[in-house]
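Asks: A single structure is presented below for examination.
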Amino acid sequence: MAQIGGIELANVTKQFGDTLAIDSVSMIVPPGTYCCLLGPSGCGKTTLLRMIAGHDEPTAGDVLIDGQSVLGLPPAKRGTAMMFQSYALFPHLTCLDNVAFNLKVRGVAKAERRKQAHEMLDRVQMDGFADRVPAELSGGQQQRIALARSLITNPKVLLLDEPLSALDEFLRLQMRGNLRQMQKEFGITFVHVTHTQMEAIAVAELVIVMDHGQIDQADSARGVYDTPHTTYVARFIGGQNVLGGKVVRVESGAALLEDARGNRFTVPSGDPAPDTGETRYLSIRRDWIEMEKLADPSATHSDAVNSVVGKVWMTEYQGTWVKVSITLPDGEEFVANINDGTFFANPAREGDTVVARWSAEAVHSLEHRESSFDTSRGGMQA
Amino acid sequence: MAQYRKRSWTFYVLATFFILFVLFLYGPMLAIYILSFQGPTGGLTFPLNGVSLHWFGALFEQQRTGDFAGSFTRSILLAFLVMICTVTFSVMAGLAFRRRFFGSTAIFYMAVASLVMPGLFLSLGIGLIFRVIDVPTNWYVSALGAQLTWTLPFGLLIMFAVLSRFNRSYEEAARDLGATNRQTLQYIVLPILFPGLIAVALFGFTLSYDEFPRTLLTVGPGNTLPLEIYAMTTTVTSPALYALGTVTTVVSFAAIILSLGSIAIIQWRRGGRFRK
């Protein structure tokens, strides 16, 4: 099936009164992509979605779908369909009438629209529920009706506003697989808004990480997880430890940093190389860290390059690995995910002083970005 | 798990007070309902001199005492007119007030102000104006207007309550699915709000049906029922008056049961009962 539904935003800005909700955002979503808009609440992701849908108009900039500007067009003329956060199924209509609503307002004859609606219900495995009203359905069933109601309009782009937030954990995992499958089956673009990192990484081909009405990084799922560009993305996605320090010297493509405690790290110097005294940030994946107990419990820093010293304050068994949370002397949290076999060969206990080490190749350089996001609340497990 | 627990003395004081209040509330009305079944030779007070429907029959004969049938018809028609106007305008105003338009605050306070204006003076003023512009006062013109000054703000306030629970994403979803504004209103907004509209209609009807001060000086030559009853209390000396009280109560109750019943049926349907 030919892939349709390419989206392009060109310098889109949205202001509500004095508040700048979206600050000159440009992005391209190729046709037939599963795209996630990811960010903490209030970052502007839903506003962006609503502007693509036509429920809000940008203050400045342009929105194009398959190369055509859709500014000023009503939602139905844009080739988009939106699935609302709580689904907004019409409570007074049966599932069949909900799904057939678009056909009804377009003037399709009753017999024909019932036939088409039954077919669409069948595609989401809900035909047995045609005569029920939404209040009789579970959250997952309601979601499938909402999906059918949107897809019957033959959209090029399906916009999903937090589609899984109303479901419990088990259904969430099941339905996110379903959504991915539906997207492949219909060959259209899905834009899925979420604040859950795991959800975005699991379903999306293109993850757009947002904060403060701006895009921080638009990348593949692996890209945002493995090679975050900024301290904000690294902290928000989780799975990474973020450290910073002042440049001491630069040699052979690597900069040597030193933090306030005297720990030293190397980071690829990049181009152009930083000046001495500049502050640089780096991330190291939590699962690429080695840990060793120290005999001296009062140690606060390590003399070896690429290591930190801290006290274990919590260990969490996760099955194939153990999550070890270490508090550094300056109060920062540092996490090491240690393979379960390695960990239990010489287990660290809460309160132990440990040194955490990593190889220079595991380090990834970051751009610094201030963020309102509180790292203690977010970040995913792995 | 009925378990004996010693109640404090305040319970008995408050319970006694409550019982007295209920007696005060329903006792007199109950006495009137019972006395309306007074035998043909009975009087205005207890004891009952036999039981009959005589006085109900007497209501429908044109008598020297009053015009029950005429005033009853006028009251019911007027109540329906008021109800239709109240629902129509309250719904439109309620929907309009969801957006802030120029002067919306001023209009809102003006509408609410007519709730606190003394009805009798309002009635007096309207009567006066009609005399000045030389239009005869009549129940379906001046009295209708006077009653609307009372029912419209009431209806508007109920609509605010109804709309505050209305999720705007229903409208957005309808528009997203290609519905025009008219289709959204017709197929989505009004049907979802329908139980609320019944409540507005019920208030419009009952407020009009027993309205006294606003009608008093605006009604013109033909009385509405409350005015007629008031006139009869001074002239009628038979239990027909009580029969009238019973009949009007039955009408009010019928209106309430009809409204609440249909609201209940709609809510049941949306909960999924009554499926084919």
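Coordinate-derived values only; no laboratory data. Quick caveat: nothing in here was measured; it's all calculated off a predicted structure. Positions of Cβ are generated from backbone atoms using ideal geometry, with glycine treated the same way; all protein chains shown enter the neighbour counts.
Asks: What are the equivalent ellipsoid semi-axes of the stretch A:239-366, built from the alpha-carbon gyration tensor (square roots of five times its eigenvalues), in whole angstrom, biggest first?
Replies: 27, 15, 11
Asks: Also, I was wondering about something else. For the protein assembly as shown, what proportion of DSSP beta bridges, expressed in % and rounded to the nearest 5, is antiparallel?
Replies: 75 percent
Asks: Beyond 28 Å between alpha-carbons counts as too far, so tell me which of A:Lys77/A:Lys184; A:Lys45/A:Lys184; A:Lys45/A:Lys115; A:Lys110/A:Lys184; A:Lys45/A:Lys323 fall in that bin.
Replies: A:Lys45/A:Lys115; A:Lys110/A:Lys184; A:Lys45/A:Lys323
Asks: Let me check the size of the protein assembly as shown from its C-alpha atoms; what are the radius of gyration and Dmax in Å?
Replies: Using the Cα atoms of the protein assembly as shown, the pair Rg, Dmax is 36.6, 122 Å.
Asks: Which of B:Tyr12, B:Tyr209, B:Tyr140 moves the most in a Gaussian network model of chain B with Cα springs under 10 Å?
Replies: Highest fluctuation among the options: B:Tyr12.
Asks: OK, next. How high is the relative contact order of chain A, in percent, counting Cα pairs under 8 Å that sit 6 or more residues apart?
Replies: Once normalised by length, the contact order is 15 percent.
Asks: With Rg and the Kirkwood Rh both taken from Cα atoms, where does Rg over Rh land for the stretch A:7-226?
Replies: 0.97
Asks: Name the most mobile residue of A:Ser26, A:Ser138, A:Ser150, meaning the one with the largest mean-square fluctuation, in a Gaussian network model of chain A with Cα contacts below 10 Å.
Replies: Of A:Ser26, A:Ser138, A:Ser150, the Gaussian network model singles out A:Ser138 as fluctuating most.
Asks: Let me ask another. Restricting to bridges with both residues inside the stretch A:7-226, how much of the DSSP beta-bridge set is antiparallel, in percent to the nearest 5?
Replies: Expressed as a percentage, antiparallel bridges in the stretch A:7-226 total about 50.
Asks: I would also like to ask the following. Could you give me the ³J(HN,Hα) list for the stretch A:16-24, computed from phi with Karplus coefficients 6.51, -1.76, 1.60 and θ = phi - 60°, whole Hz, x at Gly and Pro?
Replies: Values, residue by residue: 10, x, 8, 8, 8, 7, 10, 10, 6 Hz.
Asks: To the nearest whole percent, what portion of all C-alpha pairs in the stretch A:134-256 is separated by more than 21 angstrom?
Replies: Result for the distance tail: 51 percent.
Asks: Moving on. Among B:Thr16, A:Thr266, which comes first, second and so on when ranked by fewest other beta-carbon atoms within 10 Å?
Replies: Placing the least packed residue first, the sequence is B:Thr16, A:Thr266.
Asks: Mind listing the long-range amide H neighbours of B:Gly178? Cut-off is under 5 Å, sequence gap 5 or more, other chains count too, H placed in the peptide plane at 1.01 Å from N.
Replies: The list, which skips near neighbours in sequence, is A:Ala76.
Asks: Follow-up. Could you work out the mean count of beta carbons from other protein chains within 10 Å of each residue's beta carbon in B:162-169?
Replies: Shielding by partners across B:162-169 averages 2.
Asks: Taking amide H positions as placed in the peptide plane 1.01 Å from N, state which residues far from A:Ala255 in sequence (5 or more) or on other chains have amide H under 5 Å from it.
Replies: A:Val267, A:Ser269
Asks: Using only the alpha carbons of the stretch B:92-249, what is the convex hull's orientation-averaged projected area in square nanometres?
Replies: Mean projected area for the stretch B:92-249: 12.4 nm², to one decimal.
Asks: Considering only DSSP beta bridges where both residues belong to chain A, give the percentage that are antiparallel (nearest 5).
Replies: Percent antiparallel among DSSP bridges in chain A is about 75.
Asks: I need to check one value: relative contact order of chain B, counting alpha carbon pairs closer than 8 Å and at least 6 residues apart, in percent.
Replies: 29 percent.
Asks: Considering amide H positions built from the backbone, and no H for Pro or chain starts, which residues 5 or more places from A:Arg369, or on another chain, come under 5 Å of its amide H?
Replies: Sorted by chain and number, the residues that satisfy this are A:Thr231, A:Tyr232.
Asks: Here's a follow-up. In whole Å, what are the Cα extents of chain A along the three principal axes, biggest one first?
Replies: Taking max minus min along each principal axis of the Cα atoms, chain A gives 81, 45, 40 Å.
Asks: So, one more: Pull out the extension gain between B:Thr235 and B:Ala96, defined as 0.36 nm times the separation in residues minus the alpha carbon to alpha carbon distance; nm, one decimal.
Replies: Using 0.36 nm per residue and subtracting the Cα-Cα distance, I get 45.2 nm.
Asks: I need the phi-derived Karplus couplings for the stretch B:191-198: 6.51 cos²θ - 1.76 cosθ + 1.60, θ = phi - 60°, integer Hz, Gly and Pro marked x.
Replies: Whole-Hz 3J(HN,Hα) from phi for the stretch B:191-198: x, 5, 7, 3, x, x, 5, 4.
Asks: So what are the ³J(HN,Hα) numbers for the stretch A:194-205, from phi and the Karplus equation (6.51, -1.76, 1.60; θ = phi - 60°), rounded to whole Hz, Gly and Pro as x?
Replies: Working through the residues one at a time gives 7, 10, 9, 4, 4, 4, 4, 5, 6, 9, 8, 7 Hz.
Asks: Further question on the same structure: GNM, chain B, Cα, under 10 Å: largest mean-square fluctuation among B:Ala264, B:Ala106, B:Ala231?
Replies: Looking only at B:Ala264, B:Ala106, B:Ala231, the largest GNM fluctuation is found for B:Ala106.
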